[in-house]
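Here the structure is laid out as structure tokens; the discussion comes afterwards.
The values are calculated or read from the model by the stated rules, or taken from the named source; none is laboratory data. Note that the structure is predicted; figures quoted are calculated from it, not measured. Glycine also receives a Cβ, built like all others from the backbone with ideal geometry; neighbour counts cover every protein chain displayed.
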Amino acid sequence: MLIDYPHHRRWLGFTAGGLLLAVGCYRELSAEPGDPPRSYGLLALGLLGTALLCGLLRGFASRSALRALPSRLAWLGELVVAVSGGAGLLCLGLFLGRRWAIPGGPTAAGVAGMWYGILGAACMLFAGLLAGLRHLPAWWWLGSRQWWLKGHIWLGLLSVVLVLFHSTFRVGGLLEQALWLVLILLIASGVFGLVLQHVVPRLLTVRVPGEVPYEQIPHECLLLRGKADNLVDALCGPGDADAAEAPQKADPNVDPASREALRNTYEALVRPFLGPEYRPDSPLARAAQADAVFRGLRSLPGLAGEPLAQLERFCRDRGEMGEQERLHHWLHLWLLAHVPLSVLLLALGVAHVVTAVFYY
């Protein structure tokens, strides 16, 4: 599931309640104006009162000696609260819609249309405040970042419905068409980001068993390359030594031709691959080609041993970190579209308000 219901329950309930209220109100705005029927208002009060009473009883039971009851019937109490509360908000919306009904149906410039527009803009502004939250101190009364993130998701989705009702399902002029296009792209990028936030961490767990903190990857690569340098220098002699001194400091069990082949392969393929900048085009980045490279080295006299196997493990570790980098970039790539679209939507929204006030 993309949404963890227990952690999103309150925001989901708030959004569903707002949606039912908005839908009920819009449904009756097209009705013939007149006295609102009393049944809608009385029914709304009765259902909302029932939801409030059930919620209070459920909360009291969970804090009293009846603690065994919620564990068995918690879902039933939550269902009663959700159904009665949702039905009550829907009836309240029908009541308000009938009261505000005008001949010819709702319009964007009418009272109800303006309220839909104001509430939709308020939801968008709340969703946009998430970006500025990271620059503020961690004051307790601001709420946690997770709380704001949940509100960002649900109120962002609710704003689309409110804007639809504000526009009375009409596309409008050129500015309004641009607004619709940006809003659709913004919501699509947000949903895409939500899917990535759900899928990529699971891929990291499967594909990168030895995950390291992303910020530490360059440092870890330098450590791997340092260990690999020492290992190859122990087999072939120091790479920065004179040609006459290098063989004297090399492993005597390794054939000179094998030392030269290992040094050439290391300098051409292995050492660049172990660097902080990942090279996905390297043969060592693909398991089959990397296995062929090290199989060729193991066939050389004196190289089939633990040092070469350790060097192969270093390359495998660097490949896993490269996969982690790639998935991490995908995890944040959607922000390159989502953030500029948010700013553009804000600018177009301000322009829409200004033109609506001065030219309509």
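So the values come out like this:
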| read-out | value |
| --- | --- |
| Flag if V182 is surrounded by fewer than 17 Cβ atoms within 10 Å (Cβ to Cβ) and among the aliphatic types (A, V, I, L, M) | no |
| Qualifying residue in region 202-210 (condition: at pLDDT below 75, more than 31 Å from the chain's Cα centre (by Cα), in a helix (DSSP H, G or I) and over 24 Å from V161 (Cβ atoms)) | no |
| Selected residue [modelled with pLDDT of 90 or more and under 30 Å from V343 (Cβ atoms)] from G128, G117 | G117 |
| Qualifying positions in region 312-335 - farther than 30 Å from V293 by Cα and modelled with pLDDT of 90 or more | none |
| Any pair with Cβ under 8 angstrom, 6 or more apart, that starts in region 328-356 at a residue that is over 16 Å from G120 (Cα atoms) and part of a helix (DSSP H, G or I) and ends at one that is of a type in the set (V, I, T) and at pLDDT 90 or above | L341/V182; L344/V182 |
| Residue in region 315-322 that is surrounded by 13 or more Cβ atoms within 10 Å (Cβ to Cβ) and not in a helix (DSSP H, G or I) present | no |
